[in-house]
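Down below is the structure, laid out as structure tokens.
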């Protein structure tokens, strides 16, 4: 089996390489080493790459170095640096697998990583599939991505490396508490361990249970959905009309059949219907859909910028129409670099990084106007609220609403003019309003 070992230079990945190198002759592995240089952290990243190359040479293994500009990707895609880096790594891994030169890629995710991932997703409001955390095996075209250390503790790896005298690299950014994952690792999990010393193991078990649940649901939905989801719209005389436009489409569900389903099944069916249209529903949107099937509820709701739900006498229908969100008279969004300033929609904002660390790069925010389906959570409110409701409370006139400034970062609205917004995510910068026109 030809296995490419992803080595960052940290203790976990170095431990993985050393363990597989010891096991390779006995179990028949042909190893090579991969390192991704993300173009950040300056000289420290160069030293990481040199260390990984040196370790591969020491073990007489082929070495592959992949250089990417993660900062540019984060900026262009509106992602956090962590999200963009993960995308860059796994895109490359999948490309290598598809080329056929290797059978698998091994990464060094540990039980500690699994616990942090599950807790992080739980705090963000993940569904069951999110609580499944890091999967032990991911099947890709041409091979697999494997996580052999997923039931191994980081401390065990460090102890073994010290025992054999193998050094590793330390990434200073892992101590930066401006990142949520680091605060979970260094602050929250130790606090939870005071209540249950085995909290990491319990979170890892929760991930296993959630993955098994998801696997069962996938099988059940494959049997159930074909008879429930009706593509397109019904037409007079029978049959259904299905749009061929790439940005348009609709799926109908008979109300009578939907109401017969248990709530857990109903949620799954509605989310699957949205996914068929290329859209993802969060819990709140799904809950609104569940209530829309009630005859007393409004007949039509804009769930997101390009997804509309409407109820007819017989059906609950989801429709996608991206063209409905296009308004040529609305200005384009403006990028706000972090740190930096940007002006647009009658306001100038300045973003200041709370902890300016060398080599720290953050994806820019977007200063933009409202879009259909936008919802904002205000401080001291339990749930996010539609912009229309907030505008009415603020007494904003209809014409002003079209260009009212919002700031979006990492997929969340973190600021809105005139409103005390709870951003729902932890963002590592402060926002200052430099100047503002009359609302």
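Going by the structure shown, is residue 61 surrounded by 17 or more Cβ atoms within 10 Å (Cβ to Cβ) and in a helix (DSSP H, G or I)? Break it down into steps so the answer makes sense when it comes.
Numbers: surrounded by 17 or more Cβ atoms within 10 Å (Cβ to Cβ): yes; in a helix (DSSP H, G or I): no.
Answer is no for this residue.
Checking residue 250 against (1) at pLDDT below 85; (2) out of contact with any helix residue (DSSP H, G or I) (no Cβ under 9 Å at 6 or more places or on another chain); (3) surrounded by 18 or more Cβ atoms within 10 Å (Cβ to Cβ): exactly one of these is not met. Which one?
(1)
Do you know which residues across region 119-137 are crowded, with 21+ Cβ neighbours inside 10 Å and closer than 27 Å to residue 34 by Cα? Please lay out each step first, then the result.
The initial filter retains those residues of region 119-137 that are crowded, with 21+ Cβ neighbours inside 10 Å, namely 119, 132-133.
The answer is 132, 133.
Just the residues that are touching a helix residue (DSSP H, G or I) at 6+ places or on another chain (Cβ under 8 Å), farther than 15 Å from residue 333 by Cα and in a strand (DSSP E or B), please, taken from region 406-423.
Result: 419, single match.
Could you please find all residues in region 351-365 being buried (at least 17 other Cβ atoms within 10 Å of the Cβ) and modelled with pLDDT of 80 or more?
Answer for region 351-365, where residues must be buried (at least 17 other Cβ atoms within 10 Å of the Cβ) and modelled with pLDDT of 80 or more: 351, 364, 365.
Counting just the residues of region 287-320 that are closer than 21 Å to residue 233 by Cα and assigned to a helix (DSSP H, G or I), which one comes out modelled with the lowest pLDDT?
Checked region 287-320; the qualifying residue modelled with the lowest pLDDT is 292.
Hey, does region 40-48 have a residue that's within 18 Å of residue 158 (Cα to Cα), in the same structural domain as residue 90 (by TED's automatic domain parsing), in contact with a helix residue (DSSP H, G or I) (Cβ under 7 Å, 6 or more places away or on another chain) and crowded, with 20+ Cβ neighbours inside 10 Å?
Within region 40-48, not a single residue is within 18 Å of residue 158 (Cα to Cα), in the same structural domain as residue 90 (by TED's automatic domain parsing), in contact with a helix residue (DSSP H, G or I) (Cβ under 7 Å, 6 or more places away or on another chain) and crowded, with 20+ Cβ neighbours inside 10 Å.
Sort through 14, 5 and tell me the only one that's outside any helix (DSSP H, G or I) and surrounded by 20 or more Cβ atoms within 10 Å (Cβ to Cβ). Working first, answer last.
Values: 14 fails: outside any helix (DSSP H, G or I).
Going through 14, 5 in turn, just one is outside any helix (DSSP H, G or I) and surrounded by 20 or more Cβ atoms within 10 Å (Cβ to Cβ): 5.
Going through region 24-44 one residue at a time, which ones are without any contact (Cβ under 8 Å) to a residue 40 or more places away in the chain and within 28 Å of the chain's Cα centre (by Cα)? Working first, answer last.
Filtering region 24-44 for residues without any contact (Cβ under 8 Å) to a residue 40 or more places away in the chain gives 24-31, 33, 35, 37, 39, 43.
Of everything in region 24-44, those that are without any contact (Cβ under 8 Å) to a residue 40 or more places away in the chain and within 28 Å of the chain's Cα centre (by Cα) turn out to be 33, 35, 37, 39.
Determine which single condition residue 20 fails, assuming it passes every other condition in (1) part of a helix (DSSP H, G or I); (2) in contact (Cβ under 8 Å) with a residue 24 or more places away in the chain; (3) surrounded by fewer than 18 Cβ atoms within 10 Å (Cβ to Cβ).
Against the list (1) part of a helix (DSSP H, G or I); (2) in contact (Cβ under 8 Å) with a residue 24 or more places away in the chain; (3) surrounded by fewer than 18 Cβ atoms within 10 Å (Cβ to Cβ), residue 20 comes up short only on (3).
The values are calculated or read from the model by the stated rules, or taken from the named source; none is laboratory data. Keep in mind it's a predicted model, so treat the numbers as computed, not measured. As a convention, Cβ positions derive from the backbone with ideal geometry for all residues, glycine included, and neighbour counts pool all protein chains shown.
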